[in-house]
DNA sequence: GTCTATATAATGATAGAC
DNA sequence: GTCTATCATTATATAGAC
């Protein structure tokens, strides 16, 4: 099923995803992508008509990957409590990359949202994905109208942890903040009366 | 006392500060600075030998400005509680810029910390400034060993709020998160036994 | 210290032979 | 679909007359 061109295309997206994350979108040049992939310059333009289009493909891939992760959590964990904890545990498990390069979603959005960048609309979808999933968990906890606000609070807490851990390159700091976040979730569950 | 050249230099730093904040450092070109200041190309190089050097001057100015703010808070507010509230209130009062361009400290650090950028060492000092001041407040509340951890927690919460409000361009969201943060400070003060 | 002209390298993007 | 050569533009940075 997988054609030849598909592999090249996938290689480009994989490499670009990594470079955009570790260096930032703006700082990553076309030449960087050429060198990292080994794909010839003109050839990349055969698959994507611009650097922006590569970024869109990268965002689409991240969206697809995260949708799979969320689906796995839904299958693996039956309670909203366990699902929220899975979200927080992801932060802990990714602590190495988070401290070195920041959050792949947050740092990209922060870069693109400057001065109404067009592409930010696409990258915002990554936040929407988690916001909606988290909202569903809080609704399951009985929060109803408050649910989205709690979801955004949790997302924000996660972002804050990533920013500070990134700036200070401190994984232990991240771990400590993750513990606080777990405690907050426990409190929220107690308050919901669904403990 | 203020010489002619000082004004030109100040103009360059002021404009660059604004551009780096609203557009990001990487996305801001030398030409952008030339156009915004009206200072001739070669003339800018008379004051700064590189774009990086302009950024260092911008960071130094931000440091100086924030030191003044912190000093004012020290004078104006006599209790650590009031000082911490002043910090949180700053977020609320800057909500318009924060939702449009993100946090000037956080977004700059996020950009520069990618892949060990040299300049991040300078921008990190902006975080250190607030971290140390906040730590002093928590020490005054009797937290001692925990103080720095609480300071970084508070800084992280502030960063998370800025990221989410920026991504969603939502000032009301920011306001709601600020309220949560105020509640958290109240709790911390109660727990410290110094209420 | 002011201003013009230009150097030099890098950028994203194309054209077109194979 | 592969590969080379190159375009046009923009980037940061300099040289040097005034």
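The values are calculated or read from the model by the stated rules, or taken from the named source; none is laboratory data. Since this is a predicted model, take the numbers as computed values, not measurements. Here the Cβ is made from the backbone with ideal geometry for all residues, glycine too, and neighbour counts use every protein chain on show.
When the range B:174-195 is examined, which residues are found to be modelled with pLDDT of 95 or more and surrounded by 13 or more Cβ atoms within 10 Å (Cβ to Cβ)?
B:174, B:175, B:176, B:177, B:178, B:180, B:181, B:182, B:184, B:185, B:186
Would you check if residue A:61 is more than 15 Å from DNA strand C (Cβ to nearest atom), within 18 Å of residue A:105 (Cβ to Cβ) and at pLDDT 95 or above?
The answer is yes for residue A:61.
Please verify whether the range B:77-94 includes one or more residues that are touching a residue at least 24 places away in the same chain (Cβ under 8 Å), within 14 Å of chain A (Cβ to nearest Cβ) and either away from DNA strand D (no atom under 16 Å from the Cβ) or under 27 Å from residue A:27 (Cβ atoms) (or both).
Yes - at least one qualifying residue is present in the range B:77-94.
For the range B:71-81, how many residues are assigned to a helix (DSSP H, G or I) and in contact with a helix residue (DSSP H, G or I) (Cβ under 8 Å, 6 or more places away or on another chain)?
So the count comes out to 5.
Quick grid of which residues meet (1) away from DNA strand D (no atom under 13 Å from the Cβ); (2) farther than 27 Å from residue B:167 by Cα; (3) touching a helix residue (DSSP H, G or I) at 6+ places or on another chain (Cβ under 9 Å):
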{"residue": "B:9", "(1), (2), (3)": "yes, yes, yes"}
{"residue": "B:22", "(1), (2), (3)": "yes, no, yes"}
{"residue": "B:25", "(1), (2), (3)": "no, no, yes"}
{"residue": "B:31", "(1), (2), (3)": "no, yes, yes"}
{"residue": "B:37", "(1), (2), (3)": "yes, yes, yes"}
{"residue": "B:43", "(1), (2), (3)": "no, yes, yes"}
{"residue": "B:47", "(1), (2), (3)": "no, yes, yes"}
{"residue": "B:54", "(1), (2), (3)": "no, yes, yes"}
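When the residues of the range B:126-147 are filtered to those that are farther than 19 Å from residue B:105 by Cα and surrounded by fewer than 20 Cβ atoms within 10 Å (Cβ to Cβ), which remaining residue is nearest to the chain's Cα centre (by Cα)?
Going through the qualifying residues, I end up with B:136.
Tell me the residue from B:158, B:172 that is over 17 Å from the mean Cα position of the chain (by Cα), part of a helix (DSSP H, G or I) and under 24 Å from residue A:153 (Cα atoms), please.
Criteria check complete, one pass: B:172.
Say whether the condition of being surrounded by fewer than 15 Cβ atoms within 10 Å (Cβ to Cβ) and facing chain B (nearest Cβ under 10 Å) is met by at least one residue in the range A:158-173.
Yes: the range A:158-173 contains one or more residues that are surrounded by fewer than 15 Cβ atoms within 10 Å (Cβ to Cβ) and facing chain B (nearest Cβ under 10 Å).
Having 1 or more residues that are within 14 Å of chain A (Cβ to nearest Cβ) and more than 10 Å from DNA strand C (Cβ to nearest atom) is the bar; report the helices (runs of 4 or more DSSP H) wholly within the range B:4-51 that clear it.
Output list reads B:4-23, B:30-37.
Could you list, in sequence order, the residues of the range B:100-156 that are at the interface with chain A (Cβ under 10 Å from one of its Cβ atoms) and out of contact with any helix residue (DSSP H, G or I) (no Cβ under 7 Å at 6 or more places or on another chain)?
B:100, B:116, B:117, B:128
Residue B:71: surrounded by fewer than 19 Cβ atoms within 10 Å (Cβ to Cβ), more than 15 Å from DNA strand D (Cβ to nearest atom), over 20 Å from the mean Cα position of the chain (by Cα) and more than 24 Å from residue B:174 (Cβ to Cβ), yes or no?
no
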